[in-house]
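Okay, so here's the structure we're looking at.
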Amino acid sequence: MIQYNSDVIIIAAGASGLSAAVAVAQKGLSVIVFEKNAITGGTANRGMGPLGIESRHTRSRLFKPTKDEAFKAFMDYTHWRVDAKLVRAFLNKSGDTIHWLESLGVEFVEPATYFTESYPTWHLVKPENGPPGPGGAATMMKILTQKALDLGVQILLESPVKSIIKEHEEICGVKAIDKEGNEITANAKAVIIATGGFGDSVSMVREYAGFEMGKDIFPFRIEGLAGDGIRMAWDVGAKSTEMSMELIFGMPDPLSIPPQLHEACRQPHLMVNLLGERFIDESVLPNVTFTANAITLQKDKTAFLIFDEAILRLMESDFDTRNRVFPFTNIANSEHIIKAYLDSKKGNFFVAESLEDLANQTGIDLAGLTQTIENYNQSCEKGYDELFNKSQKFLRPISKGKFYAARHFPSAYGSAGGIKINEKAEVIGQDWKPIKGLYASGTDACSIYGDSYPFIFPGTSMGFAINTGRIAAESISQYLNFDLD
């Protein structure tokens, strides 16, 4: 048995855990971080940057929203089905957190939007090499890791925590196992849970979010995100929250699809379900959460984007919409890209000479598809969509082959919710009072989305993780009467 003693123990070294570790250490407290994987960073290693409201970057550009405007928009979006105090605390702190990260050496390129109707709240991390994009935030995680080590934080890799120790109604440490298999007891005055949710747990996604992994949802799976921290919190009396997936949509395994093809298949053309029926105003597609919501209601949670040769030719020169994750503007050299993908036999993209052939390949009901295309083409001819009032500029007929179809399902960046916290990041017990010495941050405690991830505020997930990590650190310093600021 190996024994450690520390002021604070943090479970996991992702965005919220490392932010908490640095912030706690800056208060002069000793910190041990247990990480089950062999590297730090977690999901944030694939991300692009956090949200910031009223940072120096947004203020210098006169960008909205203000803190008050952001709070109102956020609460309107969620219909007040979330903890308003927690939302307010997170948003109010987010601009200062951008400055705090900069003080540690993180550089930001610009405040960006995700799609046209979203706010420019996304502070994209400047990576060590190349332009900002998916994975750019790994540079920030590297900086946070080194800063934590410089401040004396112990980071124990490949050392999963197995349980939280609670005695006399107070949290006093954890039990873990190191990479050699040795049992560890670590004593502490406070514990922060920052384990990143349950997005890689087939059973928890089924039980708490209602999806079958690999069948009707194809999320970005980060190894190790198995809900460990959530279950450990429940074991010591934490209240649970609503639990869901941070829904987006796309073809399965999007990282294996040529990105130009991936984006061509998310343009606002005709979208139908397996019955061959339209179910969405396709101009909504840039809001990937709203589109995922609509797809989730369809037969087998499945949808197909359909276009013809004439539309493909248009996309070779320009896309109608674009976003910052996959910022491609066209699918030049489309024949080569499509042939290479079809030759890969990875599926979910179809090419056919006739609608009958397309229906046979995809399983779409032919009669329904034929009728839908007839009605849709009439709308295109009139310049008015009687069904969903789709913008006229996106009304293009599906006239003659070749016909193309991309099969889409709900996807997700990860899970959301599990552990109830208050605006101080204190874990709430069954009696609705804080559990002494227990805190949670990031995805494990992120129950502020209502029924849909707020893509109008890009960077929210990473922003919530980093900010609640800092909030937990500040709450602990007050709890222990150890604030050196």
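Since every read-out is calculated from the coordinates, none of them should be taken as a lab result. Bear in mind the structure is a predicted one, so any value in this text is a computation, not a measurement. No Cβ is skipped: glycine too gets one built from the backbone with ideal geometry, and neighbour counts run over all protein chains shown.
Quick notes
- For the chain, the relative contact order works out to 24 percent when only alpha carbon pairs closer than 8 Å and six or more residues apart are counted.
- Computed from the C-beta positions of GLU102 and GLU309 and an R0 of 51 Å, the FRET efficiency is 0.55 to the nearest 0.05.
- In degrees, nearest ten, helix 138-150 long axis to first principal axis of the chain (Cα): 0 degrees
- Euclidean distance of C-alpha centroids, the stretch 345-396 and the stretch 421-458, integer Å: 43 Å
- Nearby aspartates and glutamates by direct alpha-carbon distance to LYS166 (threshold 18 angstrom, same-chain neighbours under 8 apart not counted): ASP7, GLU183, ASP228, ASP235, GLU426, ASP431
- Distance between the stretch 291-321 and the stretch 238-271 - C-alpha centres, whole angstrom: 12 Å
- Near the amide H of GLU242, within less than 5 Å, lie no amide hydrogens of residues on another chain or at least 5 residues away, with H placed in the peptide plane.
- Karplus-derived 3J(HN,Hα) values for the stretch 243-249, using 6.51 cos²θ - 1.76 cosθ + 1.60 with θ = phi - 60°, are 10, 8, 9, 7, 6, 9, 9 Hz; glycine and proline are entered as x.
- Debye, to nearest 20: dipole size of the chain, +1 on Lys, Arg Cβ, -1 on Asp, Glu Cβ: 580 debye
- The modelled label-to-label distance for the pair ASP235/ARG59, using points 7 Å beyond Cα in the direction of Cβ, is 4.5 nm.
- For the stretch 1-100, with +1 on Lys and Arg beta carbons and -1 on Asp and Glu, the positive-most of SER60, SER30, ALA44 along the dipole: SER60
- Between amide H atoms placed 1.01 Å from N, distances below 5 Å from VAL427 occur with ILE435, LEU438, TYR439, ALA440, all of them 5 or more places distant or on a separate chain.
- q = 0.10 Å⁻¹, the stretch 273-420: log10 I(q)/I(0) [Debye, one scatterer per Cα]: -0.38
- Whole-Hz couplings from phi, Karplus 6.51/-1.76/1.60, listed for the stretch 445-456; x for Gly and Pro: 10, 8, 10, 9, 9, x, 9, 8, 4, x, 5, 5
- Extension gain, ASN5 back to THR321 (0.36 nm per residue minus Cα-Cα distance, nm): 108.4 nm
- Per residue of the chain, the DSSP helices (runs of n ≥ 4 H) give a summed -39500 (n - 2.57) that works out to -9500 deg cm²/dmol at 222 nm.
- Among the listed pairs LYS126/LYS346; LYS147/LYS179; LYS27/LYS436; LYS162/LYS424, those beyond 29 Å (Cα-Cα): LYS126/LYS346
- Cα coordinate range in the chain, projected on the principal axes (Å, largest first): 72, 48, 42
- Extreme residue, positive dipole direction of the chain, given options MET315, PRO327, LEU438 (C-beta unit charges): LEU438
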